[in-house]
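Novice: One structure follows; several queries about it will come next.
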Amino acid sequence: MAWKLEFHSERLERELAAMPPGLLARLLRYAERLEVFGPDLGMPHTRAMGDGLFELRIKASEGIARVFYCTAAERRVILLHWFVKKTDKTPARELAVAIRRMKEVRHE
């Protein structure tokens, strides 16, 4: 049974569609894999961030991006937030946005 990809909001869907071409191509490739294999593709593609939050690790000639996602009932993968990575560590602000959206989706 396949997984279904969803977006937290239409705004996020538009933002992801407007990514630089190389990053968007990688995102689409990984999205296909998520639909087939589920949320944990393993390193270097995905990383578990704890409490059900995952990070999709995208790298292309334009730079490095991260897309946070979580799972929900009925085999759904929900894309929550994305950002272009500029430092070695994930900024606390970006992580906080993803956690807040995950709680909204899970109704916590």
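Novice: Is it true that residue 10 is modelled with pLDDT of 90 or more and either open to solvent by less than 70 Å² (accessible area, probe 1.4 Å) or polar (S, T, N, Q) (or both)? I'd like the intermediate steps shown before the answer.
Specialist: Working: modelled with pLDDT of 90 or more: yes; either open to solvent by less than 70 Å² (accessible area, probe 1.4 Å) or polar (S, T, N, Q) (or both): no.
Considered against the rule, which asks whether it is modelled with pLDDT of 90 or more and either open to solvent by less than 70 Å² (accessible area, probe 1.4 Å) or polar (S, T, N, Q) (or both), residue 10 comes out as no.
Novice: Out of everything in segment 17-27 that is open to solvent by 40 Å² or more (accessible area, probe 1.4 Å) and not in a helix (DSSP H, G or I), what residue ends up being nearest to residue 72 (Cα to Cα)?
Specialist: Residue satisfying both the conditions and the ranking: 18.
Novice: Could I ask something else about it? From 98, 65, 31, grab the single residue that is modelled with pLDDT of 90 or more and either surrounded by fewer than 16 Cβ atoms within 10 Å (Cβ to Cβ) or assigned to a strand (DSSP E or B) (or both).
Specialist: Sole residue among the options that is modelled with pLDDT of 90 or more and either surrounded by fewer than 16 Cβ atoms within 10 Å (Cβ to Cβ) or assigned to a strand (DSSP E or B) (or both): 65.
Novice: I want to confirm something. Restricting to segment 4-16 and keeping residues that are in a helix (DSSP H, G or I) and more than 13 Å from the chain's Cα centre (by Cα), which single residue is farthest from residue 102 (Cα to Cα)?
Specialist: Of everything passing the filter in segment 4-16, 14 is farthest from residue 102 (Cα to Cα).
Novice: Output yes when any residue across segment 35-44 is without any contact (Cβ under 8 Å) to a residue 60 or more places away in the chain, buried (at least 17 other Cβ atoms within 10 Å of the Cβ), over 20 Å from residue 11 (Cα atoms) and among the hydrophobic types (A, V, I, L, M, F, W, C), and no when none is.
Specialist: Of the residues in segment 35-44, the ones without any contact (Cβ under 8 Å) to a residue 60 or more places away in the chain are 35-44.
Right, trim to buried (at least 17 other Cβ atoms within 10 Å of the Cβ) and you get 39, 41.
Now restrict to residues that are over 20 Å from residue 11 (Cα atoms): 39, 41.
Still in the running and among the hydrophobic types (A, V, I, L, M, F, W, C): 41.
Within segment 35-44 (the criterion being without any contact (Cβ under 8 Å) to a residue 60 or more places away in the chain, buried (at least 17 other Cβ atoms within 10 Å of the Cβ), over 20 Å from residue 11 (Cα atoms) and among the hydrophobic types (A, V, I, L, M, F, W, C)), the answer is yes, since at least one residue qualifies.
Novice: So, in segment 68-84, how many residues would count as being in contact with a Gly (Cβ under 7 Å, 6 or more places away or on another chain) and either open to solvent by 30 Å² or more (accessible area, probe 1.4 Å) or assigned to a loop (DSSP other than H, G, I, E, B) (or both)?
Specialist: Counting residues in segment 68-84 that are in contact with a Gly (Cβ under 7 Å, 6 or more places away or on another chain) and either open to solvent by 30 Å² or more (accessible area, probe 1.4 Å) or assigned to a loop (DSSP other than H, G, I, E, B) (or both) gives 2.
Novice: What are the pairs, 6+ residues apart or on separate chains, where a residue within segment 56-78 that is of a type in the set (S, T, N, Q) has its Cβ under 9 Å from a residue that is in a strand (DSSP E or B)?
Specialist: 71/54; 71/77; 71/78
Novice: With respect to residue 22, determine if the residue is in contact with a Ser or Thr (Cβ under 9 Å, 6 or more places away or on another chain) and either of a type outside the set (Val, Ile, Thr) or free of Cβ contacts under 8 Å to residues at least 60 places away in the same chain (or both).
Specialist: yes
Novice: Please state which of the following conditions residue 48 fails to meet, knowing it meets all the rest: (1) open to solvent by less than 50 Å² (accessible area, probe 1.4 Å); (2) outside any helix (DSSP H, G or I); (3) within 22 Å of residue 104 (Cβ to Cβ).
Specialist: (1)
The values are calculated or read from the model by the stated rules, or taken from the named source; none is laboratory data. Note that this is a predicted model, so its numbers are computed, not measured. No Cβ is skipped: glycine too gets one built from the backbone with ideal geometry, and neighbour counts run over all protein chains shown. What goes into the accessible areas is simple: the full protein's heavy atoms, side chains included, and nothing from ligands, DNA or RNA. Shrake-Rupley method; radii C 1.70, N 1.55, O 1.52, S 1.80 Å.
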